[in-house]
Amino acid sequence: MASFAEVSDILWRERELLDVLAFKLDQERLLLADGNVRWLARATREIELVIEQARLLELTRAVEVNALAQSIGLEPASTLAELAAAAPPPWDELLEAHRRAFIELSRQIHEAARHNQRALDDAWQATQGAMYLLAAGEASWHVR
């Protein structure tokens with residue numbers, strides 16, 4: 001049977017991973033803004049590794065949260081808000097703090113990923129435009 005302490009520990013680890021993900025996305029943003037593509041593949045791979053770790057930890061969290069929820073009379077697929085509402089003090093406040101932190105981290109990660117994707121799309125379009133101009137220039141050079 002899972003305890004509030006075990007679930008909270010898992011949530012702390014998950015928050016830490018999401019914080020690392022936000023950091024890695026910010027690193028990627030800085031590389032993109034600087035036009036430094038040398039480390040871009042590595043930064044992207046590091047992001048993928050953090051996402052894999054977060055997914056594995058998410059599975060652990062789901063199992064433990066389900067067990068805890070059932071032990072206090074909630075449905076197995078209860079949300080963190082429902083778990084916090086049913087938890088005794090001080091766990092109610094701590095679980096609610098975790099919930100708020102997840103919302104904020106999710107917002108930051110979504111915004112950073114969207115920004116990075118836009119920057120990658122812009123870089124791709126610029127590269128395609130440059131290649132077109134080079135090809136057009138090369139064609140006119142051969143004609144002369």
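Couple of notes before you dig in:
- Failed criterion for P88 (all others in (1) outside any helix (DSSP H, G or I); (2) at pLDDT below 95 hold): (2)
- Residue in the stretch 22-41 that is open to solvent by 40 Å² or more (accessible area, probe 1.4 Å), among the β-branched types (V, I, T) and within 28 Å of T127 (Cβ to Cβ) present: yes
- Of the candidates A67, A112, the single residue that is in a helix (DSSP H, G or I), open to solvent by less than 70 Å² (accessible area, probe 1.4 Å) and farther than 15 Å from L18 by Cβ is A67.
- Flag if D26 is in contact (Cβ under 8 Å) with a residue 40 or more places away in the chain and assigned to a helix (DSSP H, G or I): yes
- Residue in the stretch 118-141 that is open to solvent by 90 Å² or more (accessible area, probe 1.4 Å), closer than 16 Å to L25 by Cβ and modelled with pLDDT under 95 present: yes
- Options E28, E93: the member that is acidic (D, E) and more than 27 Å from A112 (Cβ to Cβ): E93
- Residues of the stretch 50-62 satisfying the condition of being open to solvent by 40 Å² or more (accessible area, probe 1.4 Å) and touching a residue at least 24 places away in the same chain (Cβ under 8 Å): I51, Q53, E58, T60, R61
- Close pairs (9 angstrom Cβ cut-off, 6 or more residues apart or separate chains): surrounded by fewer than 16 Cβ atoms within 10 Å (Cβ to Cβ) in the stretch 88-109, in a loop (DSSP other than H, G, I, E, B) and not hydroxyl-bearing (S, T, Y) anywhere: P88/I72; E93/A87
- Which listed residue is open to solvent by less than 30 Å² (accessible area, probe 1.4 Å), closer than 22 Å to A123 by Cα, β-branched (V, I, T) and in a helix (DSSP H, G or I), from I10, I47: I47
The values are calculated or read from the model by the stated rules, or taken from the named source; none is laboratory data. Because the structure is a prediction, the values reported are computed rather than measured. Please note: Cβ atoms are built from the backbone with ideal geometry, for glycine as well, and neighbour counts cover all protein chains shown. Calculation scope for accessible area: heavy atoms of the full protein, side chains included, ligands and nucleic acids excluded. Shrake-Rupley method; radii C 1.70, N 1.55, O 1.52, S 1.80 Å.
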